[in-house]
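The values are calculated or read from the model by the stated rules, or taken from the named source; none is laboratory data. None of these values were measured; they are calculated from a predicted model. Positions of Cβ are generated from backbone atoms using ideal geometry, with glycine treated the same way; all protein chains shown enter the neighbour counts.
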DNA sequence: ATATTACGGATATTTCATATCCTCAGAGAT
DNA sequence: ATCTCTGAGGATATGAAATATCCGTAATAT
């Protein structure tokens, strides 16, 4: 079980967008160059973010993407689910139905006990992701990254008018 | 992102094995019949459980599998990791290294802040799975399943001497 | 007008989950 | 001893999904 590569890309892109000057857009091309990933395929991930209402895109030269809301209102879970989907990592195929010993009376059993445990763990995973916002991430990065690199990032972005 | 089908099968098989009479083995063939899944492919999952030391297999007629330890000592996490692997669902490819603005001085940055969040969520998922043992599951099932079905299961198993 | 961009569809490529088949060695039954 | 049944493990086929690229369209800034 492994998350898509696009999840990692989308998270890093959102981290960049969260650090952007007010009302500034950054294009797919620049985001791809910044992370060294294929532009076309990254575009798909960004479209997913756009469709989920996390970012908004604008056309034309000097177009691109920016966050659709404040960074504090976008969580890791929002981004992960936008790219990876909201369905649980565990899918119950109800193989207990195949058991020849099962009660034929079709008692309306609730969900399988095994599935409940797995879904519970999945919920814990999502809760943890929902607890961290892009604002939290930006705070951490501002704290950890060397100041000169942050400055250089500002210049780099400024350079792409 | 989705767990293998084998994970579900392995969990259900372990649930059966946990309910087995002392020292009783159950073969792959019977486990496959009981769950309506392909015998050969299920065998692979059971081999993974065996290799992880969760179950032990014996050869010959009346051979098969049984739990290698007491049900209370085997958790959902053990089973999931035996089949699915222990590696995190999020793999950090260090795309920040591709950032042209990064400090060339190779400051020994710790792990990426984004990866840390994702790994933390993965840890929460695993902790939740580690909190439930096969004994817990057996207790739940004994509580929920209709008694006659449990009885019929006993007969069914008894029938395969 | 022209260049640039997001958007969406179509398609190729690669990887991985799924599934089957086969051989081998060990264990029990006759 | 011989036979059958079993798990272990390798080789391989198949299908779906992730990865990646290409193209056409509409919108927008210069």
task = Within the range B:120-132, work out how many residues are surrounded by fewer than 16 Cβ atoms within 10 Å (Cβ to Cβ) and in a loop (DSSP other than H, G, I, E, B).
result = 1
key: Among the candidates B:52, B:45, residue that is within 14 Å of DNA strand D (Cβ to nearest atom) and buried (at least 19 other Cβ atoms within 10 Å of the Cβ)   = B:45
task = Scan A:23, A:32, A:72 and give me the residue that is over 30 Å from residue B:153 (Cβ atoms) and modelled with pLDDT under 95.
result = A:23
inquiry  = For a quick check of your reading: which helices (runs of 4 or more DSSP H) sit entirely within the range A:4-105 and have at least 2 residues that are more than 22 Å from residue B:102 (Cβ to Cβ) and within 11 Å of chain B (Cβ to nearest Cβ)?
reply    = A:76-84
query = residue B:27: near DNA strand C (Cβ under 7 Å from one of its atoms) and touching a residue at least 24 places away in the same chain (Cβ under 8 Å), yes or no?
reply = no
key: Given (1) more than 8 Å from chain B (Cβ to nearest Cβ); (2) within 16 Å of DNA strand C (Cβ to nearest atom), number of the condition residue A:130 does not satisfy   = (2)
ask   = What is the one condition in (1) surrounded by fewer than 12 Cβ atoms within 10 Å (Cβ to Cβ); (2) at pLDDT below 95; (3) under 25 Å from the mean Cα position of the chain (by Cα) that residue A:150 does not satisfy?
value = (1)
remark   = Looking across the range B:133-161 at residues that are assigned to a loop (DSSP other than H, G, I, E, B) and more than 10 Å from chain A (Cβ to nearest Cβ), the single one that is farthest from residue B:16 (Cα to Cα) is B:161
Check on residue B:117, at the interface with chain A (Cβ under 7 Å from one of its Cβ atoms), in contact (Cβ under 8 Å) with a residue 40 or more places away in the chain, buried (at least 19 other Cβ atoms within 10 Å of the Cβ) and under 29 Å from the mean Cα position of the chain (by Cα) = no
